[in-house]
Amino acid sequence: MSSPPQGHAPISDELARRYWEAVVVHGDDPATDMCVHCRRSRCPEWAYAVEQLILADLLDR
């Protein structure tokens, strides 16, 4: 695991893998604009995973 830039929260490779998995599993269906897994608009699991990846500098805003 490489160190994130100054000011970013480091996370383990395992945690990053789990967040990436949540992003994929809870992604929006373009036809319905809802989570394909839980069928909710603005899925909180997806939003949290994306936020954590951004804070760890593993995903661009």
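Read the figures in this text as sums done on the coordinates, not as results from a lab. In this text, all values refer to a predicted model and were calculated from it rather than measured experimentally. As a convention, Cβ positions derive from the backbone with ideal geometry for all residues, glycine included, and neighbour counts pool all protein chains shown.
Observations
- All positions within the range 34-61 that are among the acidic types (D, E) and either in contact with a Pro (Cβ under 6 Å, 6 or more places away or on another chain) or touching a residue at least 24 places away in the same chain (Cβ under 8 Å) (or both): D57
- If you go through the range 3-33 and pick out every residue that is touching a residue at least 40 places away in the same chain (Cβ under 8 Å) and among the basic types (K, R), you end up with 0.
- Output for the range 22-61, where each listed residue is assigned to a strand (DSSP E or B) and among the charged types (D, E, K, R): D28, D29
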